[in-house]
Ligand SMILES: C[S@@+](CC[C@H](N)C(=O)[O-])C[C@H]1O[C@@H](n2cnc3c(N)ncnc32)[C@H](O)[C@@H]1O
């Protein structure tokens with residue numbers, strides 16, 4: 001079940017195009033993972049980080065199963081499942097990333113933690129994409145959403161080595177300043 005708009009889906013594809021080392025934090029049923037898989041390099045690797053901890057019946061975990069089914073039915077590149085909280089997964093992470101999607105825990109401090117843990121691994125020409133991070137007409141986000149508050153504070157109100165390069169519905173895409 002998609003948790004993003006059609007325009008967001010296209011923007012995810014556009015920024016994932018040809019990328020080789022992609023990390024998605026917060027996979028849910030795999031709708032955004034499908035967009036990434038469709039566009040990324042077939043020689044690349046997509047790392048999917050989600051603890052799938054919200055299942056009502058952990059043994060059955062329908063969300064994880066749906067994600068696995070959705071992702072495997074579109075598989076054209078290597079997929080690595082990392083079934084843990086993003087902060088724990090970051091502890092042993094040592095690979096360069098050219099596309100990072102932050103869509104896990106939406107509390108402001110958790111979004112900030114993901115940014116601090118993962119953005120140092122993003123290469124110079126890479127991008128970081130935040131979902132639910134912008135208020136847009138007829139959308140579901142409000143200015144009090146954690147990702148909205150973090151993105152506003154970090155990229156609109158303070159100076160940073162990173163700048164917003166595109167915004168599409170609730171998506172905010174940032175890249176390093178030249
Ligand atoms: C909004 S959904 C992701 C939607 C998905 N990206 C899509 O567009 O189809 C949020 C997901 O983040 C996961 N999550 C929550 N806290 C997390 C954390 N600390 N690290 C990684 N994933 C987390 C939840 O299990 C849930 O599946």
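The values are calculated or read from the model by the stated rules, or taken from the named source; none is laboratory data. Source: prediction; values computed, not measured. All Cβ positions, glycine included, derive from the backbone under ideal geometry; neighbour counts span all protein chains shown.
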Which listed residue, of 148, 127, 174, 63, is part of a helix (DSSP H, G or I) and buried (at least 21 other Cβ atoms within 10 Å of the Cβ): 148
Among the numbered criteria (1) crowded, with 21+ Cβ neighbours inside 10 Å; (2) on the phi < 0 side of the Ramachandran plot, which one does residue 14 miss? (1)
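Looking at 73, 84, which one is near the ligand (Cβ under 8 Å from one of its atoms), surrounded by fewer than 19 Cβ atoms within 10 Å (Cβ to Cβ), farther than 20 Å from residue 127 by Cβ and without any contact (Cβ under 8 Å) to a residue 60 or more places away in the chain? Lay out the reasoning, then the answer.
On the way: 73 fails: near the ligand (Cβ under 8 Å from one of its atoms).
Result: 84 is the single residue among 73, 84 that is near the ligand (Cβ under 8 Å from one of its atoms), surrounded by fewer than 19 Cβ atoms within 10 Å (Cβ to Cβ), farther than 20 Å from residue 127 by Cβ and without any contact (Cβ under 8 Å) to a residue 60 or more places away in the chain.
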Test: residue in region 35-45 that is within 13 Å of the ligand (Cβ to nearest atom), within 23 Å of residue 115 (Cβ to Cβ) and out of contact with any helix residue (DSSP H, G or I) (no Cβ under 6 Å at 6 or more places or on another chain): no
Which of the residues spanning region 35-49 are surrounded by fewer than 21 Cβ atoms within 10 Å (Cβ to Cβ) and at pLDDT 95 or above? 39, 41, 42, 43, 44, 45, 47
Determine which single condition residue 52 fails, assuming it passes every other condition in (1) under 18 Å from residue 129 (Cβ atoms); (2) more than 12 Å from the chain's Cα centre (by Cα). (1)
Just give me the residues in region 100-126 being in contact with a strand residue (DSSP E or B) (Cβ under 8 Å, 6 or more places away or on another chain) and either free of Cβ contacts under 8 Å to residues at least 12 places away in the same chain or away from the ligand (no atom under 13 Å from the Cβ) (or both), in sequence order. 119, 121, 122, 123, 124, 125, 126
